[in-house]
Amino acid sequence: MQSFSVNKPRTITDVLRYEVDPNYTREQESFPGHGGSEEDEAHDIGTVVAKLDATGEVVPLNPGQSDGSQTAYGVLLSKLVTASAAQPCLVLERGPAVVVAETLIWPDGISDGNKETALTALLAKGIKARSD
């Protein structure tokens, strides 16, 4: 007998366990485009994001930078694929809110120290990461 597995698409409830009020905790933000200079890149629900100092756009966390992308700002609640132009996205920006720690998407190679720093920044905004 042949077996198979089904990978269902990730949803907000896979990542977000509690929030006091979506009208308060979530904001629509802008995710920058790459201007056609790069390949399109997918970003899934649960990606830890930062906010660029220069433009105010949200991008995936990048602890090695000094442009604002090194500081955790929130958690992406919408799927998107970077394209040549900026596009809207939904971000969990403040709490009280609880997210599932194991579902957060981190940059490749992030150190435990940088991850802890990011989780501390999110907690300061009222977003608690807890094991499910």
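Quick check on the stretch 34-54. Is at least one of its residues touching a Lys or Arg at 6+ places or on another chain (Cβ under 6 Å) and not in a loop (DSSP other than H, G, I, E, B)?
First, pick out the residues of the stretch 34-54 that are touching a Lys or Arg at 6+ places or on another chain (Cβ under 6 Å): 44-45.
If we keep only those that are not in a loop (DSSP other than H, G, I, E, B) too, we end up with none.
No: zero hits.
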> Among the numbered criteria (1) in contact with a strand residue (DSSP E or B) (Cβ under 8 Å, 6 or more places away or on another chain); (2) modelled with pLDDT of 95 or more; (3) assigned to a loop (DSSP other than H, G, I, E, B), which single criterion is violated by Pro63?
Replying inline: (1)
> Is it the case that Pro22 is touching a residue at least 24 places away in the same chain (Cβ under 8 Å) and not charged (D, E, K, R)?
Replying inline: no
> Among Ala85, Ala118, which is the only one that is closer than 16 Å to Val15 by Cβ, touching a residue at least 24 places away in the same chain (Cβ under 8 Å) and small (Gly, Ala, Ser)?
Replying inline: Ala118
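Of these, Ala83, Ala118, which one is part of a helix (DSSP H, G or I), under 27 Å from Glu39 (Cβ atoms) and not basic (Lys, Arg)? If you could, list the steps in order and put the result at the bottom.
Numbers: Ala83 fails: part of a helix (DSSP H, G or I).
Being part of a helix (DSSP H, G or I), under 27 Å from Glu39 (Cβ atoms) and not basic (Lys, Arg) holds for just one of Ala83, Ala118, which is Ala118.
Mind telling me which of the residues Ala97, Ala101, Ala86, Ala72 ends up being at pLDDT below 95 and of a type outside the set (Phe, Trp, Tyr)? Walk me through it before giving the result.
Numbers: Ala97 fails: at pLDDT below 95; Ala101 fails: at pLDDT below 95; Ala72 fails: at pLDDT below 95.
None of the other options fit; the residue is Ala86.
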> When only residues in the stretch 93-103 that are closer than 24 Å to Ala42 by Cα, in contact with a Ser or Thr (Cβ under 8 Å, 6 or more places away or on another chain) and of a type outside the set (D, E, K, R) count, which is surrounded by the fewest Cβ atoms within 10 Å (Cβ to Cβ)?
Replying inline: Ala101
> Could you list, in sequence order, the residues of the stretch 59-87 that are surrounded by 19 or more Cβ atoms within 10 Å (Cβ to Cβ), out of contact with any Ser or Thr (no Cβ under 8 Å at 6 or more places or on another chain) and of a type outside the set (A, V, I, L, M, F, W, C)?
Replying inline: Ser69, Tyr73, Gly74, Thr82
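The values are calculated or read from the model by the stated rules, or taken from the named source; none is laboratory data. Being a predicted model, the structure only gives us computed values, none of them experimental. Cβ: placed from backbone, ideal geometry, glycine included. Neighbour counts: every protein chain shown.
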